[in-house]
Amino acid sequence: MFSDDMAASRRASWWHGEPPLPSSAPQLYSGIAVRRCLAYLIDVIIIAALGLCLGFALSIVGVLSFGLLSPLAVIVMALWPLLYHSFFIATRGATPGMGCFGLALRDWSGKRVEPVQAVLVVLLFYVSVSLTAWLVLLLVLFNDRGRALHDILANTLMVRRIG
């Protein structure tokens, strides 16, 4: 029982205060950039597949409502990727794609990301990527912790899962 409590506490916060430097904890940061890209690719495939199902269901609802609910369907489809990423980051600390590659998103002090912070980091991701045509993601290659602009602005850190 005591070891379960210790494990739960370790999952709640992986470090206290400043995150460890890459030189002192390379297991947290090794291969982050490549893993993030591959994780996002998996998430895009999942979002597309589920989005097709959602679009089909919403089109049926639109037909059954004689088009009255079609504007609502457009809004739902536009928000679908935001909902997907925010839900998984807020509840599990990682999307399914991130989980496949052993990644987790943590706040700067090592705790799980709060729901509002999860929405913020996802919004910042989509806004920064759309405004810079993905060029903003090159920032990951030029800092020692592999943080992108949306990570910096939302005060989060992508790390490898430990334990």
query: Which pairs have Cβ atoms under 6 Å, sit 6 or more apart or on different chains, and link a residue in the stretch 102-119 that is farther than 13 Å from F87 by Cβ to one that is among the basic types (K, R)?
result: G102/R160; G102/R161; L103/R35; A104/R161
- prompt: Taking interchain pairs and intrachain pairs at least six residues apart, which have beta carbon atoms under 7 angstrom, with the first residue in the stretch 78-91 and more than 14 Å from L54 (Cα to Cα) and at pLDDT 95 or above and the second among the β-branched types (V, I, T) and not in a helix (DSSP H, G or I)?
  reply: H85/T95; F88/T95; I89/T95; I89/V113; A90/V113
message: Just to verify a result, which residue in the stretch 120-163, among those that are in a loop (DSSP other than H, G, I, E, B) and either under 13 Å from the mean Cα position of the chain (by Cα) or without any contact (Cβ under 8 Å) to a residue 60 or more places away in the chain (or both), is surrounded by the fewest Cβ atoms within 10 Å (Cβ to Cβ)?
response: A133
- line: Condition set outside any helix (DSSP H, G or I) and either among the β-branched types (V, I, T) or modelled with pLDDT of 95 or more (or both), scope the stretch 16-66, selection farthest from C100 (Cα to Cα): answer is F66
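The values are calculated or read from the model by the stated rules, or taken from the named source; none is laboratory data. Just so it is clear, the structure is predicted and the values come from calculations on it, not from any experiment. A quick note on method: Cβ atoms are made from the backbone with ideal geometry, for glycine too, and the neighbour counts reach across all protein chains shown.
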